[in-house]
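J.: Encoded as C-alpha cells, here's the structure I'll be asking about.
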Amino acid sequence: MLEIKNLHVKLEDEDKQILKGVNLTVETGKVHAIMGPNGSGKSTLSYVLSGRDGYEVTDGEASLQGEDILDMEPEERAAAGLFLAFQYPVEIPGVGNMTFLRTAVNAQRKARGEEELSAGEFLKVVRAKAKELEIDADMLKRPVNVGFSGGEKKRNEILQMAMLEPKMCILDETDSGLDVDAMKLVAEGVNALRDAGRSFLVITHYQRLLDHIKPDVVHIMADGKIVKTGGPELALEVENNGYADILAEVA
Ligand SMILES: Nc1ncnc2c1ncn2[C@@H]1O[C@H](COP(=O)(O)OP(=O)(O)OP(=O)(O)O)[C@@H](O)[C@H]1O
Ligand SMILES: [Mg+2]
C-alpha cells in the first residue's frame, strides 16, 4: 500500500535535515503505529506524505499503491486515496463544516470518475456518521473547526475520514487532548473503517490508544529514522521504560 524508501527531507528555507533515511512499508489492510520522542520527525513524515509546502525531499521515494506520490499535488494524493488527520487540525473560517465535507467528498468522487452525491444522499450519510461520533447537528453547520474544542476537532477529523473513505489513513496524535470517552469514540470510528483494503499509520505517544486500535506493527522513530520495528509489545515496552533502553540498544 504505502512504501517509503530511504526518505531524506530537509526544510526548504533552512539547511536543516529532518528525515534522515526513513524506510517503511505499510501493507494493505494493516495498521502500523509510529511512536518516538518529541521532535523525532513523525509529524514531518506525515506532512511530507500529504504534500505540505516547506519541505524538500533530498533523497528517497514514497509510493502509494505503486504510484509515486512525491511529485503529486496534495489534492492528487488525496484522490489517490491518502488521508491525513493533523496533529493540529486547521480552522477554516467562513466555510461551513457540511459544505466543506460535501465539496471534499464530491471532488474526490469526480477525480475517481464516480458520480457526485446529491445533497439529499450526502445529508443522510453525514448525519449517520456524525451521530456515531457524537457530533451534533450544530457542529456540522458551524465553520470548519472554528471554536471547536480540541477534542471536537479530533472527532471532526475522524468524521472527514469516515466520509472520504481513504485507502491510506495517517493519524497524527489523534488521541492527544481527548477525554477517555472521546478517545473510545475516535477509536471505534477508526476500527469501523478497518478493512482488508485499507491501511492505517497511527502516530501516538501512548500505549493507551493502541489498546483500542490494535496495531499489527509498531515502529519507533528517533532522529529522523525508524530505529526499531516490532509487534504491539514494543508499545508496552515504551510505556513502561521510555525510550532510553531502545535508543541505547540501536546507538
Ligand atoms: N518549519 C520548521 N522550522 C524549524 N524546525 C522545524 C520545522 N518543522 C520541523 N522542524 C523541526 O523538525 C524536528 C521534527 O519535528 P516533528 O514535528 O516532525 O516532530 P514530531 O516527532 O512530530 O514531534 P512531537 O512528538 O512533539 O509531535 C523538530 O526538531 C522540529 O523543531
Ligand atoms: Mg508531531
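The values are calculated or read from the model by the stated rules, or taken from the named source; none is laboratory data. All values derive from a computational prediction rather than experimental measurement. Cβ coordinates were reconstructed from backbone atoms using ideal geometry, including for glycine residues, and neighbour counts include every protein chain displayed. Each accessible area value is taken on the protein alone, full model and side chains, heavy atoms only, with ligands, DNA and RNA left out. Shrake-Rupley method; radii C 1.70, N 1.55, O 1.52, S 1.80 Å.
J.: So, of the residues in region 166-218 that are assigned to a strand (DSSP E or B) and open to solvent by 10 Å² or more (accessible area, probe 1.4 Å), which turns out to be farthest from ligand 1 (Cβ to nearest atom)?
T.: In the first step, residues of region 166-218 are kept if they are assigned to a strand (DSSP E or B); the result is 168-172, 195, 198-203, 217-218.
Now narrow it down to the ones that are open to solvent by 10 Å² or more (accessible area, probe 1.4 Å): 195, 198, 217.
Details: D195: 27, R198: 23, V217: 18 Å.
Checking each candidate, the answer is D195.
J.: May I pose another question? Report whether or not D172 is at pLDDT below 90 and acidic (D, E).
T.: Considered against the rule, which asks whether it is at pLDDT below 90 and acidic (D, E), D172 comes out as no.
J.: Of the residues in region 68-98, how many are more than 16 Å from ligand 2 (Cβ to nearest atom) and surrounded by 13 or more Cβ atoms within 10 Å (Cβ to Cβ)? Reasoning before the result, please.
T.: Kept after step one, since they are more than 16 Å from ligand 2 (Cβ to nearest atom), are these residues of region 68-98: 68-83, 91-98.
Filter once more, so that each one left must be surrounded by 13 or more Cβ atoms within 10 Å (Cβ to Cβ): 69-70, 72, 74-83, 91-92, 95-98.
The number of residues fulfilling the criteria is 19.
J.: Would you be able to say whether some residue in region 113-122 is out of contact with any Ser or Thr (no Cβ under 7 Å at 6 or more places or on another chain), over 23 Å from L2 (Cα atoms) and within 16 Å of ligand 1 (Cβ to nearest atom)?
T.: So far as region 113-122 goes, no, none of its residues is out of contact with any Ser or Thr (no Cβ under 7 Å at 6 or more places or on another chain), over 23 Å from L2 (Cα atoms) and within 16 Å of ligand 1 (Cβ to nearest atom).
J.: Return yes when L101 is away from ligand 1 (no atom under 16 Å from the Cβ), farther than 20 Å from L201 by Cα and buried (at least 17 other Cβ atoms within 10 Å of the Cβ) and no when it is not.
T.: Numbers: away from ligand 1 (no atom under 16 Å from the Cβ): yes; farther than 20 Å from L201 by Cα: yes; buried (at least 17 other Cβ atoms within 10 Å of the Cβ): yes.
Considered against the rule, which asks whether it is away from ligand 1 (no atom under 16 Å from the Cβ), farther than 20 Å from L201 by Cα and buried (at least 17 other Cβ atoms within 10 Å of the Cβ), L101 comes out as yes.
J.: Let me confirm something: among G36, G41, G51, G21, which residue is more than 19 Å from I213 (Cβ to Cβ) and within 16 Å of ligand 2 (Cβ to nearest atom)?
T.: G41
J.: Quick check: anything in region 143-159 open to solvent by 20 Å² or more (accessible area, probe 1.4 Å), of a type outside the set (A, V, I, L, M, F, W, C) and within 16 Å of ligand 2 (Cβ to nearest atom)?
T.: Within region 143-159 (the criterion being open to solvent by 20 Å² or more (accessible area, probe 1.4 Å), of a type outside the set (A, V, I, L, M, F, W, C) and within 16 Å of ligand 2 (Cβ to nearest atom)), the answer is yes, since at least one residue qualifies.
J.: Quickly run through region 1-46 and pick out the residues that are open to solvent by 80 Å² or more (accessible area, probe 1.4 Å) and part of a strand (DSSP E or B).
T.: K5, N23
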